[in-house]
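The structure appears right after this line, and notes come after that.
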Amino acid sequence: MLSILVCHSYFLRLDQKQVQRAKPCPPLATLQVAAMLRSAGHEVSFFDSMLAEDLSRFVRQLDLLRPQVVVFYEDNYNFLSKMCLGRMREACVEMLGMVRARGARILVAGSDASDAPGIYLDAGADAVLHGEALNALVALVDRLNADVHLPTHLLSTGLHDVSIAGIAGPERGRAVAPLPESPNVPLPAWDLVDIEKYRRVWKKAHGHFSLNMASSRGCSFRCNWCAKPIWGNQYVQRSPRETAAEMLYLRRHYRPDHIWFADDIFGFKADWVNEFAAALAEGGGGIPFTIQLRADLVNPRMTEALRAAGCREIWLGAESGSQKILNAMNKGTRVGEIIQARRMLGAAGIRVGFFLQLGYLGEKLDDILATRRLVREALPDDVGVSVSYPLPGTKFYEQVKEQLGDKRHWRESNDLEMMFAGTYTSDFYRQLRDLLHDEVRHPGAPALQDRWNELVDREEEYRHDQSEVYLDSHVASAGVLS
């Protein structure tokens, strides 16, 4: 059997916003792959870049363990991995060079690698896997187990003849349809993680310790801007009792004070949540947790089920207070549903955060002020603010790709740079971000309204060329009608 080093390339230290937030989570998908390979009989080690100060430990592991295969498998549950940040790509390329210099075989999988396989192949990868690609990964590892020196062109055979589907070999051709994935993945190899290192970061910054879980993979909704390079439009859900069993396992062995569910949509139906709550109660009780959910899935029965299960905080993808913009996004929700969901959850004692997105195609000042009105009326407990971010594979990307320049990814998650010609400049949206945060932190403050007035009075100074803006609005409207 093979000696395999499993790793990922998200370094907290390279993302200053996340350093300040100090809420690191172990890489779930990476740890699931480590567990899967170990259960197949391979000798598996793990390098966790999340809290690494540099690459010295990675180099030591390469030199001391001398792995035959190194698998770079990014954490598909981490939305920051989906953002394909520039500094993480650079870190991965550097790591690939270190591995290649030592002669190990290299397999790479992740959102950025799925979108831009050539970059990773040029850096030394033997094969880049598209999407989740667990079956393809198993097939490649089986080939290397039979002959670890198998030439690359034979290793990646299957791109065109589909003997191993979903792999981009040196030919850099288009990947064929992936092999069907198993509906279930192994529990993460938690024993490979330095849990106490994570606990220290959390305790120092927040006074409590949180771990992460996932009860599902993917999302079946089709918002125009949402990139889905890993799971496409499928939504695969674990059983509620299996999910509860994992939470109870974490409670017994690692004692977290809180759980972050990384699902795009947690629970989906009240029946699932009720069974999850019942299984936790039978096991002696669960752990308080935070989830993400759509506003249109919140109703009295779901609210009560979530409260009973131990949900303490929910982040809603509100996006905008303008119905016109929600429609343009193909979001499928209504502003009234967002307000109703916030009030219903708040009445049940559940904190509510709004994810807000600025700068979408066709958004004008009136739409921005509608978002401010939403925040003032709904009074969420927190907000997360970003600007529209075009990623390959989305309808939104196809609408703006001709406007994109050399910079197609943010360097870090606080970049907030517009990469296409929206209505306003990046500086305008950064000021809006700060104002919307202060609407939550200091609601009703006189100085806050003065800042709004000043920005609104000067908004024309921040506009892009009006011919570009007109074109964007026209394209956005056409997208809604098509």
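Do the conditions hold for V69, that is, is it among the β-branched types (V, I, T), open to solvent by less than 30 Å² (accessible area, probe 1.4 Å) and on the phi < 0 side of the Ramachandran plot? Working first, answer last.
Details: among the β-branched types (V, I, T): yes; open to solvent by less than 30 Å² (accessible area, probe 1.4 Å): yes; on the phi < 0 side of the Ramachandran plot: yes.
So V69 passes the test.
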(message) Against the conditions (1) surrounded by 15 or more Cβ atoms within 10 Å (Cβ to Cβ); (2) in contact (Cβ under 8 Å) with a residue 60 or more places away in the chain, where does L280 fall short? Just the number, please.
(response) (2)
(message) Just to verify a result, which residue in region 33-54, among those that are open to solvent by less than 20 Å² (accessible area, probe 1.4 Å) and over 23 Å from the mean Cα position of the chain (by Cα), is farthest from V93 (Cα to Cα)?
(response) H42
(request) Only residues that are open to solvent by less than 10 Å² (accessible area, probe 1.4 Å) and in contact with an Asp or Glu (Cβ under 7 Å, 6 or more places away or on another chain): list them for region 392-412, please. (result) W410
(request) Please state which of the following conditions A295 fails to meet, knowing it meets all the rest: (1) touching a Ser or Thr at 6+ places or on another chain (Cβ under 6 Å); (2) open to solvent by less than 50 Å² (accessible area, probe 1.4 Å); (3) more than 30 Å from L369 (Cβ to Cβ). (result) (3)
(request) Please identify the pairs in which a residue from region 197-220 that is among the charged types (D, E, K, R) has its Cβ atom under 7 Å from the Cβ atom of a residue that is in a strand (DSSP E or B), counting only partners at least 6 apart or on another chain. (result) R217/V236
(request) Tell me the helices (runs of 4 or more DSSP H) entirely within region 78-154 that contain at least 1 residues that are under 24 Å from D415 (Cα atoms), out of contact with any Gly (no Cβ under 9 Å at 6 or more places or on another chain) and open to solvent by 10 Å² or more (accessible area, probe 1.4 Å). (result) 79-82, 86-101, 111-115, 117-122
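Mind listing just one residue for me: the one in region 11-32 that is assigned to a loop (DSSP other than H, G, I, E, B) and charged (D, E, K, R) and, of those, surrounded by the most Cβ atoms within 10 Å (Cβ to Cβ)?
We begin by selecting, within region 11-32, every residue assigned to a loop (DSSP other than H, G, I, E, B); these are 11, 15, 22-27.
Narrowing further to those that are charged (D, E, K, R): 15, 23.
Numbers: D15: 22, K23: 15.
Step by step, filter region 11-32, then rank; the result is D15.
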(message) Any residue in region 404-430 that is closer than 25 Å to R13 by Cα and acidic (D, E) sitting within a Cβ distance under 7 Å of a residue that is modelled with pLDDT under 85 and open to solvent by less than 10 Å² (accessible area, probe 1.4 Å)? List the pairs, counting only those 6 or more apart or interchain.
(response) E417/W410
(message) Under 7 Å between Cβ atoms, which residue pairs at least 6 apart in sequence (or on different chains) link something in region 221-235 that is free of Cβ contacts under 8 Å to residues at least 40 places away in the same chain with a partner that is surrounded by fewer than 20 Cβ atoms within 10 Å (Cβ to Cβ) and outside any loop (DSSP other than H, G, I, E, B)?
(response) Q234/G218; Y235/G218
(message) Need pairs with beta-carbon distance below 6 Å; first residue touching a residue at least 60 places away in the same chain (Cβ under 8 Å) and closer than 9 Å to S322 by Cβ and within region 368-381, second of a type in the set (G, A, S) and surrounded by 20 or more Cβ atoms within 10 Å (Cβ to Cβ); sequence gap 6+ or separate chains.
(response) T371/S320; T371/G321
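Residues that are in contact (Cβ under 8 Å) with a residue 12 or more places away in the chain and over 28 Å from G131 (Cβ atoms): does region 383-392 have at least one? Even if it seems obvious, please write down each step before you answer.
Initially, region 383-392 is screened for residues in contact (Cβ under 8 Å) with a residue 12 or more places away in the chain, giving 383-392.
Those left that are additionally over 28 Å from G131 (Cβ atoms): 383, 385.
Yes - at least one qualifying residue is present in region 383-392.
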(message) Please pick out the residue among G317, G310, G286 that is touching a strand residue (DSSP E or B) at 6+ places or on another chain (Cβ under 9 Å), modelled with pLDDT of 95 or more, within 29 Å of D434 (Cβ to Cβ) and open to solvent by less than 50 Å² (accessible area, probe 1.4 Å).
(response) G317
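From the list G131, G166, G173, G118, pick out the single residue that is under 14 Å from F72 (Cα atoms) and at pLDDT below 90.
That would be G131, the only listed residue that is under 14 Å from F72 (Cα atoms) and at pLDDT below 90.
Going through region 347-377 one residue at a time, which ones are under 26 Å from the mean Cα position of the chain (by Cα), under 13 Å from L436 (Cα atoms), open to solvent by less than 20 Å² (accessible area, probe 1.4 Å) and not hydroxyl-bearing (S, T, Y)? Step through it out loud before you land on a result.
First, the residues of region 347-377 that are under 26 Å from the mean Cα position of the chain (by Cα): 350-363, 368, 371-372, 374-375.
Cutting the leftovers down to under 13 Å from L436 (Cα atoms) gives us 353-358, 368, 371-372, 374-375.
Restricting the remaining residues to those that are open to solvent by less than 20 Å² (accessible area, probe 1.4 Å) gives 353-354, 356-358, 368, 371, 374-375.
Across region 347-377, the qualifying residues are G353, F354, L356, Q357, L358, I368, L374, V375.
The values are calculated or read from the model by the stated rules, or taken from the named source; none is laboratory data. If you're wondering where the values come from, they're calculated on a predicted model, not measured in any experiment. Positions of Cβ are backbone-derived with ideal geometry, glycine not excepted, and every protein chain shown enters the neighbour counts. Calculation scope for accessible area: heavy atoms of the full protein, side chains included, ligands and nucleic acids excluded. Shrake-Rupley method; radii C 1.70, N 1.55, O 1.52, S 1.80 Å.
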